[in-house]
1. Give me the strands (runs of 3 or more DSSP E) completely within region 166-270, filtered to those with at least 3 residues that are crowded, with 22+ Cβ neighbours inside 10 Å and modelled with pLDDT of 55 or more, ordered by residue number.
2. So which residues in region 108-146 are under 22 Å from residue 93 (Cα atoms), touching a helix residue (DSSP H, G or I) at 6+ places or on another chain (Cβ under 9 Å) and free of Cβ contacts under 8 Å to residues at least 40 places away in the same chain, if there are any at all?
3. Between a residue in region 69-85 that is under 16 Å from residue 133 (Cβ atoms) and any residue that is part of a strand (DSSP E or B), which pairs come within a Cβ distance under 7 Å, given they are 6 or more apart or on different chains?
4. Can you find even one residue in region 36-56 that is surrounded by 19 or more Cβ atoms within 10 Å (Cβ to Cβ), in contact with a helix residue (DSSP H, G or I) (Cβ under 7 Å, 6 or more places away or on another chain) and at pLDDT 95 or above?
5. Could you tell me which numbered condition residue 82 fails, if it satisfies all but one of (1) exposed (fewer than 13 other Cβ atoms within 10 Å of the Cβ); (2) out of contact with any strand residue (DSSP E or B) (no Cβ under 8 Å at 6 or more places or on another chain); (3) at pLDDT below 65?
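The values are calculated or read from the model by the stated rules, or taken from the named source; none is laboratory data. Model, not experiment: these values are computed from the prediction. Using ideal geometry, Cβ is built from the backbone for each residue, glycine included, and neighbour counts are taken over all protein chains shown.
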């Protein structure tokens with residue numbers, strides 16, 4: 001094959017892979033995916049899980065929570081009109097997805113000039129009412145250390161609370177999740193999606209970021225705009241799901257399932273088809289060129 005054609009096809013392959021990554025926010029989770037999804041449908045438990053973007057909706061600022069030190073708090077302690085914040089519903093003993101979500105946030109914030117505490121607050125709320133301030137404290141210590149700036153610890157807030165408070169927050173943010181119990185009823189995990197929200201200083205939802213990887217530029221812009229009480233626009237609802245127990249298979253399994261926009265799949269399929277046609281054309285041209293050389297010889 002002609003060297004220029006090889007370069008062109010390599011570029012097309014790179015473009016196809018980039019489109020798959022950009023459209024689906026996929027970053028190599030296939031090796032973590034177990035369980036079966038038949039007929040293109042999500043597992044039954046995940047059909048009740050998702051994130052509806054409630055832009056400009058106020059958080060329930062006065063429902064009670066407890067912070068990582070055991071102190072009673074409300075969300076109004078962090079969204080009191082002074083600075084914006086990053087907000088997420090997670091749970092601290094999540095076996096997979098929540099840690100990846102917080103890893104992605106911490107990694108992105110390392111490249112953002114604004115600092116937690118002085119410029120904005122980070123507020124995490126556990127969806128598991130059984131978790132304790134100790135669970136919250138351990139998770140906070142882990143991510144302050146990962147972020148690499150211990151002086152910003154006063155800007156990181158990890159909360160626990162009763163189910164009534166958790167429900168109020170999940171309804172306000174449009175965050176759907178399902179508790180999945182083991183067959184003996186002794187343990188349970190949560191089926192949930194991953195989303196990070198930017199919140200205005202007054203406590204209104206200004207922007208959603210889906211998945212577990214976040215653009216530092218987007219976070220910076222979102223925080224700057226939210227600080228001026230500007231509300232963003234809905235984003236593509238590409239969700240990352242996680243649950244630990246599959247009751248249909250009667251066994252524990254980890255499922256990380258991504259819903260990729262149809263447009264992304266069509267784009268990649270189209271590029272793949274184009275590449276196939278180009279390969280056939282190059283093979284035919286090469287064969288014709290060889291035949292021509294033999295005939296002329």
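1. Values: elements: 178-181, 188-193, 195-199, 205-210, 240-246, 251-258.
Fully inside region 166-270 and qualifying: 188-193, 195-199, 205-210.
2. 122, 124, 129, 141, 142, 144
3. Final answer for the pair search is 72/66; 73/65; 73/66; 73/159; 74/65.
4. No, region 36-56 contains no residue that is surrounded by 19 or more Cβ atoms within 10 Å (Cβ to Cβ), in contact with a helix residue (DSSP H, G or I) (Cβ under 7 Å, 6 or more places away or on another chain) and at pLDDT 95 or above.
5. Every condition holds for residue 82 apart from (3).
One line per residue, one yes/no per condition, for (1) over 15 Å from residue 91 (Cβ atoms); (2) touching a residue at least 60 places away in the same chain (Cβ under 8 Å); (3) in the same structural domain as residue 135 (by TED's automatic domain parsing):
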residue	(1), (2), (3)
148	yes, no, yes
151	yes, no, yes
158	no, yes, yes
161	no, yes, yes
164	yes, yes, yes
174	yes, yes, yes
179	no, no, yes
189	no, yes, yes
193	no, yes, yes
